[in-house]
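The values are calculated or read from the model by the stated rules, or taken from the named source; none is laboratory data. Since the structure is predicted, the reported quantities are computational estimates derived from the model, not experimental observations. Glycine also receives a Cβ, built like all others from the backbone with ideal geometry; neighbour counts cover every protein chain displayed. Side chains included, ligands, DNA and RNA excluded: accessible areas come from the protein's heavy atoms. Shrake-Rupley method; radii C 1.70, N 1.55, O 1.52, S 1.80 Å.
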Amino acid sequence: MHHVYRRFLSLFVPTMLVLGVVLYLLHRMQAQDVERKLGYAQWRAVYSAQGAVDSALSGVVADLRYLADRAALSGPPRLEASTERRHLANDYLAFAARKRVYDQIRYLNRAGREVVRVNFDGGHPSIVPDDQLQDKSGRYYVRRGLALKPGQIYVSAFDLNTEHGKIERPFKPTIRFVAPVVDAHAAKRGIVVFNYLGAGLLAAVQQEIGFGNQMWLVNRRGFWLHGPVPADEWGFMLSDRRRRTMAYRYPRVWHTVTSKQAGALHTRRGWFTFMRISPETDVPQGRYWIVVSYLPPREVAAHLVPLRDWYLKLFGAATLILGATVWAFARLIGRWREAETETGRAHKRYADVINNLNVGIYRKTVGSEGRFLEVNDALVQMFEAGSRAELMSHPVSDLHLDPAARQAFSDRVMELGAVTGEEMEMRTLHGRRFWARQSAVARVDGTTDDVILDGVIADITAHRDAELALRDSEARFRGLLETAPDGIVIVNREGRIDLVNSQAEQLFGYSRTELVGCLVELLVPERLRGVHVHRRTDYWKQPVARSLGQRRELFARRRDGSEFPIEVSLSPHLTEAEHVVVASVRDLTERRKAEVEIRNLNAELGRHGAELEVLNKELESFSYSVSHDLRAPLRAIDGFSQALLEDYGQALDTTARDYLRRVRAGVQRMGELIDDLLRLSRVTRAELNREAVDLSALAGDVVSELSSADPGRQIECAIAPGLQTQGDRRLLRVALKNLLSNAWKFTAGRSDGRVEFGAEQNDGEPVYFVRDNGAGFDMAYVDKLFGAFQRLHDVREFPGSGIGLATVKRAVLKHGGRVWAEGRVGCGATFFFTL
């Protein structure tokens, strides 16, 4: 029994070591991929936050220079006069109301006393009366502002606003911007001071969370301006929070953060990615803030622990399988033939494990050329060899493009004992180049005492190509964006502009620097902005591609205040990282001129309309007559076919009876089509008899009929009450029955089917709709919906003749209305009509 144990251990331990090394290297490669993606996500969050902060600060500096220049043009020497001050105060009031990011806008004279002050007052800007203006000469930012040279800007610390020596409650994060006002002779006359509301800045930083990370904003002393929890913030102004700093809580991390402009640290207490942000001014102030993306250890573990556990389970399962195999082999070693057979089986099991891996496994010698001692099938395929023997006959040096890199890799393995994740370019036996990630461990052969390398090679060419393709795709996107014939405006879910192209700059008269970060309502006429906000909010409830401006007039506003007609196409782009909508804006000014010319041409064509209408009526009468005359022969075909089946069915074989049934089915189908044609003809020829009609009641009757005909359906029906109109009751019932029947039919495959009938107002006109969440349709074929015999679905899945929507259109046109539809495959459809 002792010998059995020795043989078992001599076989089991090396096997498990090799398997353990392979699984460890595989785990490390996959874990490194996960860590790399997490690190990239953190850098992207930091860069985005830094861009948002820089954009906001640049906008404030531009506004400050603008008002400083305005004050200079107003003539500072005359500004003490009440009329001049009133004009300037009114300018400041309008500016504060439009920007909505400045808590106070002030003009101070050379003595540091307020001449004009406008308070934002929580969204209700007001001019401070003269008797409430204060002497601010003792404030540090006023002293520094008065010392500025022409053209310079002073930016204060980012802190909480104080009034009368006390911090305002609730907290009001504030940054003060100061610019001098000089006259035409470069003589200083005073300063303009902004109290910038920093809450928006902090919100922009907070927006970059999304993969378990936290976004912080820290000042140069390590105090949180936006931290893990509100109780940790503004410690430099609140005595009970003095020790709540990043420098105190993470001293080693803070030492690195303060020594670099940007960087990343992976510690046991979490991952820290940081970047320094400095306001760009003409005055060297040494002031900066640090934006930090922090990934807690639990979030890092949430990405890595499942991978580790999977490999541990795999290792445990392999240990049990190999252990049982080797134990059985060791017990039978005394019997030579059985032991030989069992040895072959053990080798086969081992080879199966190695060969079933999707990475190359090798064992090779160490030397100037190197020789493979063992390879698996994956490595043979990777280097395009015909067999293992062919691959092992070539020196390893032939497979490396850079001999120096190969030798350096071997040297590191010999020095460190193991190297993982080394990327290098290699080539196959046929000369094809590819990128590989190689890991290896060095060990001493127990038989020869030679040093050999056990390693893993993975082909990462596809991964690298994907990264290059992503970069190329981004470059192509930028190129397409700039060459687009229409103005492109990309807006995020908060309604702020993320990106515009050069056509949009020309169209609206703004530079992209001015537009990015602003609300899209900046491009909407002031009289329509309130409505636009509501419509934007409603759009995000169901973001689908749609075109606007075809059924109603849309207008945009240029920088100079002029309005012009537009057409807008919206395309949502929804990912886990961001929700944006791409708006393609087209100027319709020239089209409107063309439409005037077209209307003039249409007036000329109107004379021909009467003749065409007479021809259409004759054609409809002919259609009705043909449809009616076809019914008699069809009834005869159906009747005689039925008689054959009933009277002579026993004399016919199965094929003949099947043919007769098909004849009857075709005749009945033709009869249904004729009936539909007759109904369509009756709708077309019917005289319109207008009266008061309760559409809600009509819809309720139709739904009741559908429920009675199909009592097993579980479907939610919502009918808006009190929908009244003037029209022909019979035609309107026909239209509603077709629309509601379609909705009922196309929701048959959903357990949560819903059908809704309601109305909405569009420019004062009631628009009625029937909406469902059924099969939907492709908007590319919307023009075919209302044609006779036009179908977008398989008749075997959704039976019908294709006449129903044509009948709806005829009934609506009889009332002088319009009918159209919107839908998406798998998400339902909505049919709109007016009367």
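Tabulated values for the structure
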{"quantity": "Span-rule helices in the chain, defined as complete DSSP H runs reaching 30 Å or more along the axis (Cα) with Kyte mean at least -0.5", "calculated": "2-73, 297-331"}
{"quantity": "Filter on LYS172/LYS260; LYS37/LYS364; LYS99/LYS172 - keep pairs with C-alpha separation over 27 Å", "calculated": "LYS172/LYS260; LYS37/LYS364"}
{"quantity": "Cut-off under 5 Å, modelled amide H: who pairs with GLY270 long-range", "calculated": "none"}
{"quantity": "Segment 687-833: Cα Rg divided by the 2.2 N^0.38 Å rule of thumb", "calculated": "1.00"}
{"quantity": "Partners for LYS188 among aspartates and glutamates (Cα-Cα distance below 20 Å; same-chain residues under 8 apart left out)", "calculated": "ASP63, ASP69, GLU80, GLU84, GLU114, ASP135, ASP282"}
{"quantity": "Segments 690-699, 454-463, 554-563 sorted - mean Cβ within 10 Å per residue, highest first", "calculated": "454-463, 690-699, 554-563"}
{"quantity": "Trypsin sites (Lys or Arg not before Pro) restricted to segment 371-433 and DSSP loop, no more than 14 other C-beta within 10 Å", "calculated": "ARG432"}
{"quantity": "Two-site FRET efficiency, ARG464 against CYS827, from Cβ-Cβ distance with R₀ of 25 Å, rounded to 0.05", "calculated": "0.10"}
{"quantity": "Cα point-scatterer Debye curve for the chain, base-10 log of I(q)/I(0) at q = 0.05, 0.07, 0.08, 0.10 Å⁻¹", "calculated": "-0.55, -0.92, -1.03, -1.15"}
{"quantity": "Per residue value of the accessible surface for segment 357-403 (all protein chains in place, 1.4 Å probe), Å²", "calculated": "45"}
{"quantity": "Approximate shape of segment 360-467 as ellipsoid semi-axes (Cα gyration tensor, √5λ), whole Å, largest first", "calculated": "21, 17, 12"}
{"quantity": "FRET efficiency, ALA651 to ASP701 (Cβ-Cβ, R0 51 Å, nearest 0.05)", "calculated": "0.55"}
{"quantity": "With every protein chain in place, the chain: carbon and sulfur % of accessible area (1.4 Å)", "calculated": "54"}
{"quantity": "Helical mean residue ellipticity (222 nm; -39500 (n - 2.57) per DSSP H run of 4+; nearest 500) of the chain", "calculated": "-15500 deg cm²/dmol"}
{"quantity": "Per residue, in Å², the accessible surface of segment 687-833 once ligands and nucleic acids are set aside, probe 1.4 Å", "calculated": "50"}
{"quantity": "Set of segment 56-75 residues, backbone N closer than 19 Å to the point 7 Å along the Cα-Cβ line of ALA94", "calculated": "63-75"}
{"quantity": "Surface/4 of the Cα convex hull for segment 51-201, nm²", "calculated": "8.5"}
